[in-house]
Amino acid sequence: VNKDIVSLKLSPTELIGGGTADTIVAGGIYRDSTATATDQSGNSWIKVLDGTYHAIVGGNVNVGSNDEGCASFEGDTHIQTHGGTMDYIVGGNMKDYAHPSFVGNTYVSVYQGTTVNKSVIGGSTMFYGQSVEVEGNTHVFVYTVLTDPEVEAPAEGEEAVAVKPGFVLGGCYDESEKVAPKKIALSVTGSTNVKVDLSAYETKDGAPTEFN
């Protein structure tokens, strides 16, 4: 996988710029096919103010395969974006090998000024055909969403969140975009909570709009 990986190893971090379209920032660790898996236990905190990234990930990133298995994550993850451009925001673990576990709660808050090219995911993602589970609750909050980034912001001088074709999801996601070779499971043992605030917009009858 040709990506520039930044492993924060549970260090609270504020991202103020930089990065490229290939940069993945992981609140936990990155484990590739040459590394021994190191489980992470603790909470991660990531705040994005600006920059360009492929993904912001609250937990671990597991890529490739070997006999050492995968890196699991135990703890709560917290992601806040107040700016910047990224393809994905993932509250749990990204990608998988040998059934990585995520035990804890995820909190993802996407504020004005953020552009998400693809998707916001509260749980974990699957790529290699393994089962992905989150044992805990997921919380996703998106404020002033625009499905079309060309639409003007709702208030003069105020930036909006632009989520381009993709989705906002509280659970887990199969990002392989192909039929898995074996039965897989994407699950959350707990509650999934998604709130998309459209209160800056009005419906045809003039009432504020909010989607939960």
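The values are calculated or read from the model by the stated rules, or taken from the named source; none is laboratory data. In this text, all values refer to a predicted model and were calculated from it rather than measured experimentally. Ideal geometry is used to build each Cβ from the backbone, glycine not excepted, and the neighbour counts take in all protein chains shown. Heads up: the accessible areas ignore ligands, DNA and RNA and are worked out on the full protein's heavy atoms, side chains in. Shrake-Rupley method; radii C 1.70, N 1.55, O 1.52, S 1.80 Å.
Annotations
- Scan of region 103-124 for residues that are touching a Leu at 6+ places or on another chain (Cβ under 9 Å) and crowded, with 24+ Cβ neighbours inside 10 Å, ordered by number: Val120, Ile121, Gly122, Gly123, Ser124
- Residue pairs whose Cβ atoms lie under 8 Å apart, separated by 6 or more positions or on different chains, with the first residue in region 68-90 and in contact (Cβ under 8 Å) with a residue 24 or more places away in the chain and open to solvent by 30 Å² or more (accessible area, probe 1.4 Å) and the second among the acidic types (Asp, Glu) and part of a loop (DSSP other than H, G, I, E, B), are Glu74/Asp39.
- The combined condition, being among the small types (Gly, Ala, Ser) and at pLDDT 95 or above, is not fulfilled by Ser65.
Matching residues to (1) in contact with a Pro (Cβ under 7 Å, 6 or more places away or on another chain); (2) at pLDDT 85 or above; (3) at negative phi; (4) not basic (Lys, Arg):
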{"site": "Ala98", "(1), (2), (3), (4)": "no, no, no, yes"}
{"site": "Glu150", "(1), (2), (3), (4)": "no, no, yes, yes"}
{"site": "Ala155", "(1), (2), (3), (4)": "no, no, yes, yes"}
{"site": "Lys164", "(1), (2), (3), (4)": "yes, no, yes, no"}
{"site": "Lys183", "(1), (2), (3), (4)": "no, no, yes, no"}
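- Residue check, Lys3 at pLDDT below 95, open to solvent by 30 Å² or more (accessible area, probe 1.4 Å) and in contact with a His (Cβ under 8 Å, 6 or more places away or on another chain): yes
- Filter pass, Val48 being at pLDDT 95 or above and β-branched (Val, Ile, Thr): yes
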